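As structure tokens, the structure follows; a few thoughts come after it.
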Amino acid sequence: MPKRHIDKRRTGRLLSLFLTLALVLGLSVTVYASDPLTNYMPDWPQMTDITPEAACLMDAENGAILYSLNRDDKHYPASITKILTCLLTIENCQMSDVVTMGEEALSVAIDGNSNINPVLGEQFTVEQCLYMLMLKSANDVAVQLAIQVAGSVSAFSDMMNARAAAIGCTGTHFNNPNGLPDENHYTTANDMALIMRECLQNETFRQIIATEYYVVGPTNMKDESREFTNHNCLILPDNDAYYPDCIGGKTGYTDAAERTLVAAAERDGRTLICVTMFCPDSSDFYDMQSLFEYGFNNFTLHTVDENDGATATTGSYTMPNGVEDHLSTAEMGTTEDGRTYINYMYNDKIRVGEGFVTTLATPEPTEEPTPSPTETVTEKPTKAPAKETQEENASAGTDASPTASPAQRSLADSLASLSTKGTAALLGAALCLVIIIVTGILLIVDARREKERQRRAAEKRRKRMAELKKARENADGPEE
């Protein structure tokens, strides 16, 4: 069960102070994934503060993490749950299959929940249900789709958890198909990015999340049509939050989860995925725009295609622009087809790509030609190693020759010891001064950044509150 954390940004700033002091002191520090890691990596582009408490920006090509803010903290997902519900339905149903609304689905079609106000026995196609699921964020439709696919909500939840684990999720447990509050229904920003990466491989899913408006015509129980507008303002050209590169996504809101958002954007052949969680207001749309711009403008995708005769390596990694070092690899295991799966890492701390190593067939050995009787094979003489003629003195910097008297050697040792102690004292004083200066600077910068963040947030709300009123009514009104 996720727990609400108190003042995580302050904790992050204190962590940065600790890391800096540890670096100055030469201490070995382990940075865990839940930290706002990327902003404190050497040579990593700096991202400005954002409002959500957790976020993850991922390259869809290779799963590289471009921005991380508490990405492994567990939170309630609300309706971003439905992206996996949508994918599993697409994979297990035909679009023309008929879905009949039952009592269990109607039990969640109540005031305060986002629903389509269905009638018991009303019928829709799977295609219509998927659009109502993703545009209207219909909780009742999610329940009926789960029953359609798996026979029950609990069986469908098992399917969701199995698929999430197969994708690589480690902090996720789903207990329903719609994301309504449940203590055993939680996930992380990183896991939701992995799930979205999997979903984007399905073209039908892409088409649905990119749809701005959808109309469901009369049914067997109702004569009027239903019209739905996508809650994801990033794809609506008439909305102030419109982001032209966005190819779709899913919003979510409950009182327990606050606002959640997952979306993808494409530019120049690159696709980025962004997830934000536990956001108090609709600034998440604008923070996501900033995160996408940060990713597109500050990182470069590198393709790997190498062949050394014995092995062939393919894959890719995404690095900050102009940065060539800091790259390392970590072997993960063997795939079903016999290839070795590797992770490309930045400073051995954060994943920036993936690769696959294939062992090539070994060529048949060829026999060496036998020299003819007239050929003479000669070997070059081996030069004998030079013999050591002088031993190094054990005291560094002291040239005490074998002919020096014991008194001379004792005097030299004393002078060397005094010199070492004096140097250590000077280094210690300098180190203390550096720590004091760095601590003061960080505290001042921290205070200024917090004040500026508050000022910008207040100004943003004042300027955009009027324009966002309609969007907030759509997203923050009923629980999705």
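Remark on E354: its backbone amide H falls under 5 Å from those of S316, Y344, a criterion applied only to residues 5 or more positions apart or on other chains, H modelled at 1.01 Å from N. Over all directions, the projected convex hull of the C-alpha atoms in the stretch 97-219 averages 7.9 nm² in area. Largest first, the three principal axis extents of the alpha carbons in the stretch 300-359 are 33, 22, 14 Å in whole numbers. The GluC sites (Glu not before Pro) found in the stretch 310-340 that occupy coil by DSSP, while having at most 12 further C-beta atoms within 10 Å, are E324, E336. Centre-to-centre separation between the Cα atoms of the stretch 181-230 and those of the stretch 316-340: 33 Å.
Using a cutoff of 8 angstrom between alpha carbon atoms and counting only pairs six or more residues apart, the relative contact order for the stretch 300-359 works out to 33 percent.
Read-outs: derived from the displayed coordinates by stated rules, not from any lab. Please read all numbers here as calculations on a predicted model, not as lab measurements. Note that each Cβ is placed from the backbone with ideal geometry, even for glycine, and that neighbours are counted across all protein chains shown.
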